[in-house]
Amino acid sequence: MVQRLKPTGIIDIGSNSVRFVVFAGSARVPSTLFNEKISPALGRGVEKEGRLDVEAMDRALMALSRFARLAEDMGLKRLHVVATAAVRDAENGGDFLKLVRGLGLKAKVLSGEEEAELAALGVLSAIPDAQGVVADLGGGSLELTRVSNGAVDGRLSLPLGVFRIGGLGPKKLASRIAKAIEGLGLGERQPLYLVGGSFRALARLDLSDLDHPLPIIHHHRIAKSRLAVLAHLVETTSEEELKRITRLSANRIEILPPAKSVLDALVEVFEPREMIVSAFGLREGLIYRDLSPSQRATDPLLEAALEIGETLGRFGDHGALIDRWIDPLFPDDDPLHRRIRLAACLMSDVAWNAHPDFRAERAVDMALHGNFVAIDAHGRALLGQALSHAFGSDYRLPQGIVELLEQQESDKAAAWGRAIRLAQRLSGGAEAGLMRSSLELTHDELNLRVDAPEELVGETAAKRLAQLARMLGRKDRVVAA
């Protein structure tokens with residue numbers, strides 16, 4: 001049973017944007033019910049004059065007034081209001097904070113260390129096995145934190161946001177970063193996890209230029225070999241062309257050059273094995289921080305799949321039972337593949353109410369484009385391949401997605417899908433039928449053992465069994481238990 005989060009709002013007063021997000025659903029990996037932002041760029045004035053610009057404050061306060069009213073209309077019982085580097089560092093930050101609180105918003109200014117920790121917690125929420133350095137780049141600051149074994153350490157905040165580095169190039173930035181991290185044990189040659197809208201903008205540019213078949217920013221890996229390509233694109237491509245190929249706003253296009261400079265500096269200092277983009281950051285870190293240790297320990301992908309199964313399944317989700325039922329057929333699955341297989345089982349009844357001719361498309365679309373974390377493009381392709389076969393039409397994955405998989409993996413996921421299809425047909429979508437039966441794989445046979453075969457195994461289920469047996473290179477047989 002999925003543990004639920006009551007609608008919770010977060011207002012994030014950043015150096016570039018002011019955003020209001022409402023989360024609800026699974027406590028471990030909540031869905032976004034509402035998301036709105038403006039970009040007053042509060043941090044620009046801090047860099048130029050040490051103060052928040054009056055026009056930027058007016059724009060921010062107007063948005064915050066609206067957000068306060070919306071939060072009241074939504075009946076939110078919990079609302080976090082946090083401000084980061086621009087308000088923290090500005091001479092008139094305290095005056096602005098009084099105006100914010102005058103709107104009825106109990107705003108808190110985060111310290112640099114708190115901001116760093118929350119960004120790192122957001123990464124751990126989305127990538128639980130993260131081991132390396134988290135770099136959160138905002139308009140006013142750069143936060144660096146080490147994550148290892150689910151814990152956060154070595155928090156550091158530097159005034160090196162995209163609005164504050166001026167004309168500093170990668171070499172000078174690298175020198176400042178290297179000096180600042182001395183003695184903190186942040187480590188070298190570990191993965192670098194990239195957080196924040198500036199890095200996400202670079203990731204979107206990379207995905208667009210690669211013409212990636214699944215251009216989802218979260219868990220995208222930016223190869224070191226791509227850094228020179230990105231530099232060339234940022235330096236030579238017009239703003240209009242960048243808008244067209246990335247769908248980024250003019251505000252985000254403008255910060256691509258300084259974001260690229262910071263990324264180059266980080267690569268020089270940390271020499272990371274790989275660079276991984278996280279869609280989760282400070283806001284998600286606030287939610288994750290409040291979870292109990294047992295809630296944190298759950299797998300966010302499987303929790304999301306379970307929530308979908310419980311919501312959309314016909315007779316209650318029993319995906320975990322399906323996974324155990326088909327497990328004897330796949331003794332060689334490693335932990336990574338077992339995890340994706342379980343996710344497919346949990347989602348194996350999600351498209352029953354779609355038009356019969358398009359159930360596979362519905363399920364595959366959810367697998368490929370669902371708002372999941374703790375899964376990369378390769379994992380999504382595996383999940384989609386399994387569900388395309390579980391729903392049994394002639395629909396197959398687009399060729400670009402198929403090419404993300406090795407042939408052996410593609411065949412394995414297809415077999416998962418056919419086994420799931422058999423389980424759902426035999427049981428009618430309810431768990432009782434699976435409790436009365438089992439599968440057995442021998443050298444040359446696939447055996448279905450079941451109580452009262454004549455009563456419980458219909459022609460269609462027998463056909464599904466034969467199809468699965470052929471895929472596994474076996475003969476099918478129904479055996480009385």
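Per the Debye formula on identical point scatterers at the alpha carbon atoms of region 323-369, with no solvent, log10 I(q)/I(0) at q = 0.18, 0.28 Å⁻¹ is -0.63, -0.98.
Using only Cα atoms and rounding to the nearest 10 degrees, what angle (0 to 90) does helix 170-180 make with the longest principal axis of the chain? That works out to roughly 90 degrees.
The residues neighbouring residue 107, those whose beta-carbon lies less than 11 Å from its own, together hold a net charge of +3 under the Lys/Arg +1, Asp/Glu -1 convention. What are the lysines whose alpha-carbon lies under 18 Å from the alpha-carbon of residue 171, with same-chain residues fewer than 8 places away excluded? Cross-link targets: 179, 224, 260. Restriction of the GluC sites (Glu not before Pro) in region 352-414 to DSSP coil positions whose beta-carbon has at most 16 other beta-carbons within 10 angstrom yields 403, 406. Axis of helix 377-390 versus longest Cα principal axis of the chain: the two differ by about 30°, to the nearest ten degrees. Residue 188 sits among other residues whose Cβ lies under 10 Å from its own Cβ, and their net charge, with Lys and Arg +1 and Asp and Glu -1, is +1.
Using the Cα gyration tensor of region 224-293, with a ≥ b ≥ c the square roots of its eigenvalues, what is the shape: rounded (a/c below 1.5), prolate (a/b larger than b/c) or oblate (neither)? The shape class here is oblate. Electrostatic bookkeeping for residue 333 treats Lys and Arg as +1 and Asp and Glu as -1; over the other residues with beta carbon under 12 Å from its beta carbon, the sum is -1.
Each residue of region 201-217 was assigned a 3J(HN,Hα) from its phi angle through the Karplus expression (A = 6.51, B = -1.76, C = 1.60, θ = phi - 60°), giving 4, 5, 5, 5, 4, 4, 4, 5, 5, 6, 6, 5, x, 9, x, 9, 5 Hz with x at Gly and Pro.
When all alpha carbon pairs of region 362-481 are counted in 5 Å bins from zero, the resulting P(r) reads 2, 12, 20, 20, 16, 13, 11, 5, 2, 0 %. Coordinate range of the alpha-carbon atoms in region 306-409 per principal axis, descending: 33, 29, 26 Å. Helix 54-74 and the longest principal axis of the C-alpha atoms of the chain enclose an angle of approximately 40°. Shown in residue order for region 267-282 are the 3J(HN,Hα) couplings computed by the Karplus curve 6.51 cos²θ - 1.76 cosθ + 1.60 at θ = phi - 60°: 5, 5, 6, 9, 6, x, 5, 7, 10, 10, 8, 10, 6, 8, x, 4 Hz (x for Gly and Pro). Take the Cα radius of gyration of region 15-131 and divide it by 2.2 N^0.38 Å, N being the number of residues; the result is 1.13.
Using every pair of distinct Cα positions in region 115-230, the Kirkwood expression returns a hydrodynamic radius of 15.0 angstrom. Per residue, the chain exposes 44 Å² of solvent-accessible protein surface, assessed with a 1.4 angstrom probe and all protein chains in place.
Share of carbon and sulfur in the accessible area of region 138-277 stands at 48%, probe radius 1.4 Å.
Annotation for region 355-429 versus region 193-251: alpha-carbon center distance of 28 Å. Over the chain, the alpha carbon radius of gyration divided by the compact-protein estimate 2.2 N^0.38 Å works out to 1.10. Shape analysis of region 425-481 yields a ratio of the Cα radius of gyration to the Kirkwood radius, Rg/Rh, of 0.95.
The phi torsions of region 400-408, fed into the Karplus equation with coefficients 6.51, -1.76 and 1.60 and a -60° offset, translate into couplings of x, 6, 4, 5, 6, 10, 6, 4, 5 Hz, rounded to whole numbers, with Gly and Pro shown as x. Averaged over residues, the count of other Cβ atoms within 10 Å places the peptides 458-465, 113-120 in the sequence 113-120, 458-465, highest first. Shown for region 278-353: the carbon plus sulfur share of the solvent-accessible area, taken with all protein chains present and a 1.4 angstrom probe, equals 57%. Three principal axis extents of region 66-147 based on alpha-carbon atoms, in descending order, are 41, 34, 16 Å. For chymotrypsin sites (Phe, Trp or Tyr not before Pro), the sites in region 282-373 that DSSP calls loop and that have at most 15 other Cβ atoms within 10 Å are 315.
The values are calculated or read from the model by the stated rules, or taken from the named source; none is laboratory data. Keep in mind the model is a prediction, meaning the values are calculated, not measured. All Cβ positions, glycine included, derive from the backbone under ideal geometry; neighbour counts span all protein chains shown. We work out accessible area using only protein heavy atoms, side chains counted, and drop any ligands, DNA or RNA first. Shrake-Rupley method; radii C 1.70, N 1.55, O 1.52, S 1.80 Å.
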